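A.B. asks: I'd like to ask some things about the structure below.
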Ligand code: FAD
C-alpha cells in the first residue's frame with residue numbers, strides 16, 4: 001500500500017480463539033507488515049497469553065513487538081519479564097502505563113510510561129526498540145493538553161524510539177500533534193493508529209473511554225444505519241481509507257492497524273489504498 005505497516009492483535013482467551021488468530025495472521029502476513037504487536041493486560045493479567053502469542057509470531061518468521069504495561073508492577077517483576085522477552089528473541093516493546101480496573105490499588109513502583117521507558121533503557125541499554133503511546137486527541141486523564149504533550153515528550157526523552165497513536169478519525173489532530181511534539185524537541189516517528197470501522201455500537205462505546213473522538217458526522221451516519229452492518233462496513237471502509245490516504249499524503253511514514261483479531265477490514269483498506 002506504499003507505506004510500511006504494523007498490525008496489532010490481542011492475546012486470545014481460548015484455544016479456539018488462538019486457532020482462529022493463527023489463520024487471521026496468515027491472511028494479514030500477505031500485507032508484509034514490518035512487525036506485529038500483541039497487547040498486554042494491565043497488571044499482568046494477560047502476560048502468559050501475550051508472551052505465547054508473541055512467541056508464535058516470531059516462530060512464524062515475523063518480527064513481533066510485545067506491549068508491556070507497568071501499572072502495579074515492581075522493578076523486580078519488570079526486570080524478570082524483560083529477561084524472559086530477551087531470551088525469547090523479542091527486540092521490540094510497546095512501553096505503556098496501562099489502566100488498572102477500578103478498585104485495584106496503584107501499588108507498584110512505576111507511575112507513568114516514562115518511568116518504564118527510563119527503566120528499560122537503564123536495565124537493557126539498546127537491546128529493545130521501544131515504542132510509546134501518543135494521543136493526538138489528548139489522553140482522557142491528562143491535566144491539560146500541554147501537560148499531555150509534555151508527558152509525551154518525557155517518554156521520548158527517556159529513550160523511546162518511536163510512537164504509535166491512539167486511533168482518531170480527524171487527521172488534523174494527528175498533524176498538529178506531530179508538529180507540536182517536534183517544537184518541544186520530540187522528533188521520533190509518530191505512527192498513526194488506524195481503527196477500521198466494522199460496527200457502530202462497539203466503536204461508540206469504546207471511543208468514549210479511551211480518548212478518541214468520533215466526529216459528529218461519522219457518529220450520526222453510523223447511528224443512522226441502525227443494524228444494517230453491510231452499510232456500516234461499506235461506510236467505514238470509505239472513511240478509514242480516506243483517512244489513511246490523507247495521512248499518507250500528509251507525510252505519515254507508516255500506519256499501525258488495530259486489527260481487533262480480524263483480517264477482513266484491514267485487508268479491504270489495504271486493497272483500497274493500493275488502488276489510489
Ligand atoms: P502515560 O504516558 O504514562 O500517560 C498516562 C497519563 O498520565 C496521561 O494523562 C498523561 O498526560 C499523564 N502523565 C504522564 N506523565 C505524567 C507526569 N510526569 N505527571 C503528570 N501526569 C503525567 N493498555 C493496556 O493495558 N495494554 C496494552 O497493550 C495497550 N496498548 C496500547 C497501545 C497504544 C498504541 C495505545 C495508544 C494505547 C494502549 N493502551 C494499552 C492503553 C494505555 O495503557 C492507556 O491509554 C493508559 O491510560 C495510558 O498509558 P500510557 O502509556 O499512554 O501512559
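The values are calculated or read from the model by the stated rules, or taken from the named source; none is laboratory data. Treat the numbers as computed from the prediction; the structure is a model and nothing was measured. Neighbour counts are summed over all protein chains in view; Cβ atoms, including those assigned to glycine, are modelled from backbone coordinates with ideal geometry.
A.B. asks: Being more than 10 Å from the ligand (Cβ to nearest atom), part of a helix (DSSP H, G or I) and closer than 18 Å to residue 69 by Cα is the filter here, so list the residues in the range 124-164 that pass it.
C.D. replies: Hits for the range 124-164 are 124, 156.
A.B. asks: Can you work out which of the residues in the range 1-32 that are without any contact (Cβ under 8 Å) to a residue 60 or more places away in the chain and within 16 Å of the ligand (Cβ to nearest atom) is surrounded by the most Cβ atoms within 10 Å (Cβ to Cβ)?
C.D. replies: 11
A.B. asks: Continuing with this model, one more query. Pairs needed: first member in the range 150-177, at positive phi; second member anywhere, buried (at least 24 other Cβ atoms within 10 Å of the Cβ) and in a helix (DSSP H, G or I); C-beta distance under 7 Å; at least 6 residues apart or different chains.
C.D. replies: Pairs found: 159/117.
A.B. asks: Still on this structure, I have one more. Can you name every residue in the range 253-275 that is in contact with a helix residue (DSSP H, G or I) (Cβ under 7 Å, 6 or more places away or on another chain) and on the phi > 0 side of the Ramachandran plot?
C.D. replies: Matches in the range 253-275: 261 only.
A.B. asks: Moving to a separate point now. Are any residues in the range 209-230 within 16 Å of the ligand (Cβ to nearest atom) and surrounded by fewer than 12 Cβ atoms within 10 Å (Cβ to Cβ), and if so, which ones?
C.D. replies: 209
A.B. asks: Just one of the numbered conditions (1) modelled with pLDDT of 95 or more; (2) surrounded by fewer than 18 Cβ atoms within 10 Å (Cβ to Cβ); (3) away from the ligand (no atom under 16 Å from the Cβ) is not true of residue 204; which one?
C.D. replies: The one condition residue 204 does not meet is (1).
A.B. asks: Which condition from (1) under 20 Å from residue 95 (Cα atoms); (2) surrounded by 15 or more Cβ atoms within 10 Å (Cβ to Cβ) is the one that residue 189 breaks?
C.D. replies: (2)
Residues are listed down the side, and each one gets a yes or a no for (1) within 14 Å of the ligand (Cβ to nearest atom); (2) farther than 28 Å from residue 151 by Cβ; (3) surrounded by fewer than 22 Cβ atoms within 10 Å (Cβ to Cβ); (4) touching a residue at least 12 places away in the same chain (Cβ under 8 Å):
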| residue | (1), (2), (3), (4) |
| --- | --- |
| 44 | yes, no, yes, yes |
| 53 | yes, yes, no, yes |
| 79 | no, no, yes, yes |
| 100 | yes, no, yes, yes |
| 108 | yes, no, yes, yes |
| 121 | no, no, yes, yes |
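A.B. asks: Looking at (1) within 11 Å of the ligand (Cβ to nearest atom); (2) over 21 Å from residue 161 (Cα atoms); (3) assigned to a loop (DSSP other than H, G, I, E, B), which is the one condition that is false for residue 40?
C.D. replies: Among (1) within 11 Å of the ligand (Cβ to nearest atom); (2) over 21 Å from residue 161 (Cα atoms); (3) assigned to a loop (DSSP other than H, G, I, E, B), residue 40 violates only (2).
A.B. asks: Of the conditions (1) assigned to a loop (DSSP other than H, G, I, E, B); (2) more than 10 Å from the ligand (Cβ to nearest atom), residue 172 clears all except one; give me its number.
C.D. replies: Of everything listed in (1) assigned to a loop (DSSP other than H, G, I, E, B); (2) more than 10 Å from the ligand (Cβ to nearest atom), residue 172 misses just condition (1).
A.B. asks: Regarding residue 40, is this residue farther than 28 Å from residue 135 by Cβ and surrounded by 15 or more Cβ atoms within 10 Å (Cβ to Cβ)?
C.D. replies: Values: farther than 28 Å from residue 135 by Cβ: no; surrounded by 15 or more Cβ atoms within 10 Å (Cβ to Cβ): yes.
It is false that residue 40 is farther than 28 Å from residue 135 by Cβ and surrounded by 15 or more Cβ atoms within 10 Å (Cβ to Cβ).
Per-residue answers, yes or no, for (1) closer than 28 Å to residue 254 by Cα; (2) modelled with pLDDT of 95 or more; (3) touching a strand residue (DSSP E or B) at 6+ places or on another chain (Cβ under 7 Å):
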{"residue": "87", "(1), (2), (3)": "no, yes, no"}
{"residue": "99", "(1), (2), (3)": "yes, no, no"}
{"residue": "106", "(1), (2), (3)": "no, no, no"}
{"residue": "117", "(1), (2), (3)": "yes, yes, yes"}
{"residue": "129", "(1), (2), (3)": "yes, yes, yes"}
{"residue": "136", "(1), (2), (3)": "yes, yes, yes"}
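A.B. asks: Answer with yes or no whether residue 71 is modelled with pLDDT of 95 or more and buried (at least 20 other Cβ atoms within 10 Å of the Cβ).
C.D. replies: Numbers: modelled with pLDDT of 95 or more: no; buried (at least 20 other Cβ atoms within 10 Å of the Cβ): yes.
Spelling it out, it is not the case that residue 71 is modelled with pLDDT of 95 or more and buried (at least 20 other Cβ atoms within 10 Å of the Cβ).
A.B. asks: Being at pLDDT 95 or above and surrounded by fewer than 16 Cβ atoms within 10 Å (Cβ to Cβ) is true for just one of 249, 233. Which residue is that? It would help to see each step written out before you state the result.
C.D. replies: Details: 233 fails: surrounded by fewer than 16 Cβ atoms within 10 Å (Cβ to Cβ).
Testing whether each residue is at pLDDT 95 or above and surrounded by fewer than 16 Cβ atoms within 10 Å (Cβ to Cβ) leaves just 249.
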